[in-house]
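Here the structure comes first, spelled out in structure tokens, and everything after it is commentary.
The values are calculated or read from the model by the stated rules, or taken from the named source; none is laboratory data. The structure displayed is predicted, hence computed values, not measured ones. Note that we place each Cβ from the backbone using ideal geometry, even for glycine, and neighbour counts take in every protein chain shown.
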Amino acid sequence: MRLYSVVALVAFGVITLVSVFSLSIGKYKWVYLVYTFLSLVCFCISRCQLRSFLGKELVVYSFFAALLLFGIITGTLIIPEELTVNYIVFMMVAPLLFTARTAVMNGLILSSMLLYIGLAFFAQHNPILSKNLVDVILYGVLSMLLTATMMRSKLQRILYHKEKEMLEVSKRESQERILNYERFLTDMVRYAASEETPDKVLNQLVEYIGQRMTADRAYIFEQNDRGTFDNTYEWCKAGVSKEKDNLQDVPYEGIIEAWFAQFQESNNVIIHDIEECKKTSEAIYERLKPQGVNTLVTRPIKINGKMVGFYGVDNPPEEKLYEISNLIDMIEFMISFMIRLRDNADALEHSALYDQLTDCKNRKALDWAYTEKLEKYFPLAIVMCDINGLKEINDQKGHDAGDKFIVQTAQTLKSVFGKRHVYRFGGDEFIAVLPNITHPAFQKILETAKSQLGATASLGTTISGTKDTDFESLLKAADAEMYENKKQYYIVTGKDRRKHSLQKKVPVPGKKHNDMVE
């Protein structure tokens, strides 16, 4: 504690004692005024230093409470009776002036002022009180003004330090939040970079999002060619049932329409409590409640400014929804970028492996699918198909009509055998490969194909008998049967058989297309 603070405290005590002694012998006016002035100055000086030194304001309050009690008791005992009331009031107000720090203390000062008013009311019946009333009221008013000033100054200091502390805390929290965001993005990129294809990266992203956001489920929905929405990617926490298979061809009308409307306004849809959502959207509530969704954050996927889907998490912690919403915003670019890469890769693969006219797989696709060991595909069935009368159509009606006839035949084959099982070899030749099919099931499908194709095509079929059978042998067997059926067609119709014999040259997967099976 500084020296002048000690001196101020000592001076305050001495002046108090001198004032009490002076009042006791009746010469009090000048001491009264000096005490009033110096006690204020001394205490204001000592107060700050004493608080700084002791560190506890309770000590200060105790000191001046004891001083108040001493002054009142001493003054009551030794000063003349005519000065008792004035002195007691004076001694009550002075310490309150210095120690007023809370609403309770302000209430005490207000009570003192009410006491002054009461004294003034009764002053007309008490000459002594009337004589000293001006001093009492003047001191009371000065006490109130000084107390208000000191309280205001103290409040300003408190607010200043509080605001400074809040700013520092806010700054630290902001810096920590930014670091968390950076770590989140860095880990996400590292996590996703372990995969080779965009499709696998998207699967990894969904898993990473769900785990880091402590959600029950993370997902991506994309709009398909039919205008409905498919759940294309999904991650579920252990113990949470998967919903992907149940969320295909979800109609736009209803929940998605409501979300897209909100996406236009605020980009994110945030549900803090599904029960509250029931009051605003019955459709959303009825769709999400059976899935066990209580909280949710979703965001649209935009490609070239167009919303093509959305992604989000189910049941993240309610207290982290704001932070999770920010993280969801930050990864939109990554997800939309990977979807574009995936679609571009799919387009390139499609152009390389699919026939442009019929949208059937081509010979290269067959090479890739069946050049490895066939054990996992057995029983394996093959159907060779050759269009009848295509040359006559081209000669009589033109090649556009011939192309149309080829497309119609391809559509029939895909509808019967499935799009992913039909391949186009060339001009009028197709092959259907059906893996893991039983003989009865194959016969049933074959009858359907013959019924729908009629005389427009000649078919040859075979189905693997043992696991030692190779793909080339199966092709030869199917081609031989197709050739015989083709020959019967020309005999029945009386048309010239093609000069080109299918039995002599059959493309074999795994070999160059110029290499044929003789």
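Please enumerate the residues belonging to the range 400-410 that are of a type outside the set (A, V, I, L, M, F, W, C) and surrounded by 12 or more Cβ atoms within 10 Å (Cβ to Cβ). Within the range 400-410, 402, 403, 404, 408, 409 qualify.
Within the range 302-314, the residues that satisfy the criterion of being crowded, with 20+ Cβ neighbours inside 10 Å and out of contact with any Pro (no Cβ under 7 Å at 6 or more places or on another chain) are 309, 311, 312, 313, 314.
Each row is one residue, and each column tells you yes or no for (1) outside any helix (DSSP H, G or I); (2) at pLDDT 90 or above; (3) within 16 Å of the chain's Cα centre (by Cα).
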residue	(1), (2), (3)
188	no, no, yes
202	no, yes, no
214	yes, yes, yes
218	yes, yes, yes
222	yes, yes, no
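Identify, please: which residue in the range 253-282 is touching a helix residue (DSSP H, G or I) at 6+ places or on another chain (Cβ under 8 Å) and in a loop (DSSP other than H, G, I, E, B) and is, among those, surrounded by the fewest Cβ atoms within 10 Å (Cβ to Cβ)? Ranking the candidates gives 273 first.
Could you tell me which numbered condition residue 426 fails, if it satisfies all but one of (1) crowded, with 18+ Cβ neighbours inside 10 Å; (2) closer than 19 Å to residue 471 by Cβ; (3) over 45 Å from the mean Cα position of the chain (by Cα)? Evaluating residue 426 over (1) crowded, with 18+ Cβ neighbours inside 10 Å; (2) closer than 19 Å to residue 471 by Cβ; (3) over 45 Å from the mean Cα position of the chain (by Cα) leaves (1) as the failure.
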